[in-house]
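The values are calculated or read from the model by the stated rules, or taken from the named source; none is laboratory data. Just so it is clear, the model here is predicted, and its values are computed rather than measured. Counting neighbours? That spans all protein chains shown, and the Cβs are built from the backbone with ideal geometry, glycine included. Ligands, DNA and RNA are stripped out before the accessible areas are found, and what is left, the full protein with its side chains, is counted by its heavy atoms. Shrake-Rupley method; radii C 1.70, N 1.55, O 1.52, S 1.80 Å.
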Amino acid sequence: MNHDVFYVRPQDVSDETIVFRGDENRHLVRAMRKRAGDSVLAVDGRGRAYAVRILKAGKGETTAEITGVHEKPGERDLEMTLAQGLIKGGRLDWLVEKASEIGVHTIVPVSTANSVLKTLSPQRMSRLQKIALSAMKQSGRSFLPGIAPVTAFDAVLESSSVFDVRLIAHPVPRGGPGVPIPRGRRILCLVGPEGGFESHEVEKAFECGFLAVSLGPARLRAETAGIVLLARVFSLY
């Protein structure tokens, strides 16, 4: 996709036209100075991209006619969920940005025994979703990653049976063989917070069918571990 990519809400798409509103319209008209007759690309965050030509540009909203539709550009046929132990401040921002760029489907912030944070404010959740939106457009994707509410560790395990493959970032015994990552369409990757998982949490995950995946000999930051695990799985596809 080209660099002039804008987000349109699915409810603002009809059979023949789309309507840009809010922040995206301000970016379109004020920042990028698009006018009637200009052609741009819009994505709806649900896997569709629209080639459009602007009919009427305005401060409140901009209407454009659809000249072409593309299904799932920039997307893999894979649904990857990252359940990440809560981490502080800008590190979580960075994780959301990079995970969204490389193709994650959903990010679930997880409250664990060693999480310094236990919850996220509505303002923080809104910021994370904006970061995911920006990353989706920048990377040429058409699916907007979801940012789930903060979820307790046990609740993540209880709902994990819907996934084809369940992985937890955890060192394998020294000298032991690594577990081959099986294939599947819906994959859940579970990564701990700054302090890692407690042993009882790892045991619970194993009881729920999670496979341990080692990320190498180096001790990684929590946000780095999340990205490395995603990249390792994506490399199989």
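Here are the numbers for the structure shown:
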quantity	calculated
Scan of the range 17-38 for residues that are of a type outside the set (A, V, I, L, M, F, W, C) and part of a strand (DSSP E or B), ordered by number	Thr17, Arg21
Filter result for Ala169 (open to solvent by less than 80 Å² (accessible area, probe 1.4 Å), closer than 17 Å to Gln84 by Cβ and in contact (Cβ under 8 Å) with a residue 24 or more places away in the chain)	yes
Of residues in the range 12-64 being among the basic types (Lys, Arg) and touching a helix residue (DSSP H, G or I) at 6+ places or on another chain (Cβ under 6 Å), the one nearest to Gly103 (Cα to Cα)	Arg46
Residue count, the range 202-220 (criterion: outside any loop (DSSP other than H, G, I, E, B) and open to solvent by less than 20 Å² (accessible area, probe 1.4 Å))	4
Close pairs (6 angstrom Cβ cut-off, 6 or more residues apart or separate chains): of a type in the set (A, V, I, L, M) in the range 147-161, part of a loop (DSSP other than H, G, I, E, B) anywhere	Val150/Thr119; Val150/Leu120; Leu157/Cys208
Residue count for the range 1-28, restricted to those that are closer than 22 Å to Gly146 by Cα, open to solvent by less than 50 Å² (accessible area, probe 1.4 Å) and at pLDDT below 95	1
Test: Ala42 is of a type in the set (A, V, I, L, M, F, W, C) and either out of contact with any Phe, Trp or Tyr (no Cβ under 7 Å at 6 or more places or on another chain) or farther than 14 Å from Phe6 by Cβ (or both)	no
Filtered residues of the range 39-98 (kept if surrounded by fewer than 19 Cβ atoms within 10 Å (Cβ to Cβ), outside any strand (DSSP E or B) and among the aliphatic types (A, V, I, L, M))	Leu78
Single residue of the range 178-196 satisfying the filter (within 22 Å of Leu86 (Cα to Cα) and open to solvent by less than 40 Å² (accessible area, probe 1.4 Å)) that is farthest from the chain's Cα centre (by Cα)	Gly196
Cβ pairs under 7 Å, 6+ apart, first in the range 220-235 and under 18 Å from Asp77 (Cβ atoms), second of a type in the set (Val, Ile, Thr) and part of a helix (DSSP H, G or I)	Leu230/Ile102; Ala231/Ile102; Phe234/Ile102
Among (1) touching a strand residue (DSSP E or B) at 6+ places or on another chain (Cβ under 9 Å); (2) open to solvent by less than 70 Å² (accessible area, probe 1.4 Å), the one test that Ala31 misses	(1)
Any chance Ser121 is surrounded by fewer than 21 Cβ atoms within 10 Å (Cβ to Cβ), of a type in the set (Gly, Ala, Ser) and under 20 Å from the mean Cα position of the chain (by Cα)	yes
Contacts under 7 angstrom Cβ, first residue in the range 71-90 being under 15 Å from Gly45 (Cα atoms) and in contact (Cβ under 8 Å) with a residue 60 or more places away in the chain, partner assigned to a loop (DSSP other than H, G, I, E, B) and open to solvent by 60 Å² or more (accessible area, probe 1.4 Å), 6 or more apart	Pro73/Met1; Gly74/Met1; Arg76/Tyr237; Glu79/Arg185
